[in-house]
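FYI, it's all coordinate maths here, none of it is from the lab. None of the values given here were measured: they were computed from a predicted structure. Glycine gets a Cβ as well: all are built from the backbone with ideal geometry, and neighbour counts include every protein chain shown.
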Amino acid sequence: MKVLKFGGTSVGKPERMHSVAQLITADQDAKIVVLSALSGTTNSLVEIAQSLADGNKAQAKQQIDKLEAHYRSFCEALVKTDAARAEAKAIVDEHFEFLNIILKISFNEALNKDILAQGELLSTKLFTVYLQEAGIKAVLLPALDFMSIDEFEEPEIPRIKTRLTALIDQQKSEHIFITQGYICRNAKGEVDNLKRGGSDYSASLIGAAIQASEIQIWTDIDGMHNNDPRVVKKTFPIDQLSFDEAAELAYFGAKILHPASIWPAQHFNIPVKLLNTMQPEAKGTIITELPNGNGVKAVAAKDGIIAIKIKSSRMLLAYGFLRKIFEVFEKYRTPIDMITTSEVAVSITIDSTAHLEQILKELQPFGTVELDHHQTIVSIVGNEVAATPSIIQKLFDSIAEIPVRMISYGGSRHNISILVAAQYKDKTLQVLNKGLFNLE
Ligand SMILES: Nc1ncnc2c1ncn2[C@@H]1O[C@H](COP(=O)(O)OP(=O)(O)O)[C@@H](O)[C@H]1O
Ligand SMILES: N[C@@H](CC(=O)OP(=O)(O)O)C(=O)O
């Protein structure tokens with residue numbers, strides 16, 4: 001069985017949904033099709049939830065009405081028969097009735113998650129109505145019946161496997177299953193999600209749970225490119241990446257993949273293909289266990305980084321200092337991305353401000369604490385990149401004019417990372433495109 005995931009841009013217009021239907025029926029293979037919300041919907045739902053959190057019900061109502069109008073016209077173009085239009089209308093009625101009801105009740109975090117789930121529920125139901133109208137047999141598998149995370153927000157793969165296999169076994173004669181990406185249930189049984197962009201993660205978890213033969217991530221670009229196409233002019237798709245290379249790129253900002261989406265596939269050695277819905281014949285990128293050579297494959301940038309420097313003469317010749325500092329981050333479940341040390345100071349980067357205040361308070365006794373917001377990690381990724389001598393030379397030549405805050409070299413054989421102030425991100429990606437790939 002294969003898993004095919006279609007992102008927001010691949011289902012964001014009625015004609016795109018029609019193309020997705022063609023793609024999933026191009027062969028007779030059994031498949032689970034994972035859909036995101038229509039592009040822009042989750043952002044709108046976040047805005048609605050924010051208005052409600054701010055107590056601004058009038059604004060929330062306006063935002064709900066605007067989104068509803070969008071869905072009404074989407075349905076008009078998606079399906080043509082009276083029966084299908086009536087079904088689509090009933091779905092839109094149901095979900096917007098829900099959004100209108102929550103205007104009347106007091107807002108809380110569980111409700112927030114319920115709001116955010118509406119996008120994937122709508123897209124999958126509407127797509128199923130279209131498939132039915134087009135005479136394509138498919139079964140809708142509700143993700144909330146099988147996808148779950150534990151109290152640490154970690155996916156429960158064995159449980160997902162048991163529940164999903166049972167659902168599929170009940171319908172053995174079917175070969176196209178549709179489900180929602182992104183949404184899941186948490187340890188309390190409430191509706192939750194796998195964080196923004198999480199449909200890729202859903203696809204990978206489903207692939208791992210059913211030991212799929214392949215996971216396909218269909219998006220609006222022909223695979224992983226060597227650099228961020230939103231920032232540099234000339235980029236090219238990479239034919240093949242190893243799981244390690246892809247994981248580094250996803251984690252360090254290549255938006256095409258959710259940061260956590262590689263490990264489930266890697267654990268079960270399931271190939272992942274990145275493909276373009278708008279150009280299905282393009283080769284895309286295949287991600288498999290082994291790399292197909294050494295050296296730089298791509299550059300990526302991760303925004304929203306905070307650098308924390310702890311300076312203390314007590315660190316001089318002392319042991320146990322770093323452990324005490326790390327324990328503070330562990331206590332607040334805040335992962336550290338980069339770390340550099342000298343005899344009297346340690347610099348650390350994090351990407352979450354959730355517990356920043358408490359962390360800073362607990363770091364104060366260790367020395368002088370300095371903070372830099374608005375930083376970006378730029379990562380140079382490729383198998384054995386750190387062991388390829390010419391690369392470090394080219395890297396330093398390229399960034400000669402860029403003020404660099406931190407450099408991490410040697411932590412991973414596949415990654416060299418530098419930290420720059422966010423205002424230098426674009427320039428850094430551009431000079432690296434020239435210096436490492438000889439492209440503008
Ligand atoms: N290195 C990269 N290679 C390919 N795409 C990238 C890269 N870095 C950023 N992107 C962006 O990722 C986008 C696809 O991801 P996303 O918008 O999440 O798609 P989807 O809606 O299909 O999930 C592309 O349109 C592209 O602009
Ligand atoms: N709809 C969710 C989940 C997702 O993965 O979307 P996309 O596949 O369009 O990145 C989001 O916007 O975060």
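Apply 1/(1 + (r/R0)^6) to the Cβ-Cβ distance of Glu94 and Val46, taking R0 = 22 Å, and write down the FRET efficiency to the nearest 0.05.
Given R0 = 22 Å and the Cβ-Cβ separation, E is 0.55.
Under a straight-distance cross-link criterion of Cα-Cα below 22 Å, which lysines are reachable from Lys113, leaving out those fewer than 8 residues away in the same chain?
Within the straight-line limit of under 22 Å, Lys113 reaches these lysines: Lys5, Lys57, Lys61, Lys66, Lys104, Lys125, Lys188, Lys195.
Can you tell me the length gained on complete extension of the stretch His374 to Asp27, counting 0.36 nm per residue apart and subtracting the Cα distance?
So the chain would gain 120.2 nm between His374 and Asp27.
How far is helix 321-331 tilted, in degrees, relative to the longest principal axis of the Cα atoms in the chain, given as a value from 0 to 90 rounded to the nearest 10?
The answer is roughly 20 degrees.
Give a quick list of trypsin sites (Lys or Arg not before Pro) in the range 1-106 that DSSP marks as loop, anything other than H, G, I, E or B, with at most 13 other Cβ atoms within 10 Å.
Within the range 1-106, the qualifying trypsin sites (Lys or Arg not before Pro) (loop, at most 13 other Cβ atoms within 10 Å) are Lys80, Lys104.
Taking 7 Å along the Cα-to-C-beta vector as the label spot, tell me the Ser173-Ser390 distance in nanometres, rounded to one decimal.
6.2
For the chain, what relative contact order do you get, as a whole percent, if you take Cα pairs closer than 8 Å and at least 6 residues apart?
Relative contact order comes out at 13 percent.
Contour minus end-to-end for Lys61 and Asp82, with contour as 0.36 nm per residue of separation and end-to-end as the Cα-Cα distance?
Residue separation times 0.36 nm, minus the Cα-Cα distance, leaves 4.6 nm.
Taking the Cα-to-Cβ direction at Ile407 and at Lys331 and moving 7 Å from each Cα, how far apart do the two end points lie in nm?
For Ile407 paired with Lys331, the spin-label model returns 3.5 nm.
Return the distance in nm (one decimal) between the two label points of a simple spin-label model at Lys13 and Asn294, each offset 7 Å from Cα along Cα→Cβ.
4.6
Could you list Glu87, Glu281, Glu174 so that the one with the fewest beta carbons within 10 Å of its beta carbon is first and the one with the most is last?
Least crowded to most crowded, the residues run Glu281, Glu174, Glu87.
Run the numbers on the range 298-437 and let me know its relative contact order in percent, using alpha-carbon pairs under 8 Å that are six or more apart.
30
At 0.36 nm per residue, and after removing the present C-alpha to C-alpha distance, how many nm does the segment from Asp426 to Lys104 gain when stretched out fully?
Between Asp426 and Lys104, full extension yields 111.5 nm more.
222 nm [θ] for the chain, helices only, -39500 (n - 2.57) per DSSP H run of 4+, per residue, to 500?
-12500 deg cm²/dmol
Sort Glu156, Glu94 so that the residue with the fewest other Cβ atoms within 10 Å of its own Cβ comes first and the one with the most comes last.
By the 10 Å Cβ count, ascending: Glu94, Glu156.
Find the relative contact order for the range 2-220 and round it to a whole percent, using C-alpha pairs within less than 8 Å whose residues are 6+ positions apart.
That works out to 30 percent.
Taking θ as phi - 60°, what are the ³J(HN,Hα) couplings along the range 8-21 by the Karplus curve (6.51, -1.76, 1.60), each to the nearest whole Hz, with x for Gly and Pro?
Result, rounded to whole Hz: x, 5, 7, 10, x, 10, x, 5, 5, 4, 4, 5, 4, 4.
Suppose R0 equals 45 Å. What FRET efficiency, 1/(1 + (r/R0)^6) with r the Cβ-Cβ distance, do Ile339 and Ala282 give to the nearest 0.05?
E between Ile339 and Ala282, to the nearest 0.05, is 0.70.
Give me the count of lysine pairs in the range 298-437 whose alpha carbons sit under 22 angstrom apart, restricted to pairs 8 or more positions apart or on different chains.
Within the range 298-437, the lysine pair count is 17.
Any idea what the dipole of the range 2-220 comes to, in debye rounded to 20, about its Cα centre with Lys/Arg Cβ at +1 and Asp/Glu Cβ at -1?
Computed charge dipole of the range 2-220: roughly 260 debye.
Ranked by Cβ crowding within 10 angstrom, fewest neighbours first, how are Asp239, Asp200 ordered?
With the fewest neighbours first, Asp239, Asp200 line up as Asp239, Asp200.
With everything on Cα atoms, drop me the angle between helix 41-53 and the longest principal axis of the chain, reported from 0 to 90° to the nearest 10.
80
Can you give me the angle between helix 199-210 and the longest principal axis of the chain, using Cα atoms only, in degrees from 0 to 90, rounded to the nearest 10?
Rounded to the nearest ten degrees, it is 80.
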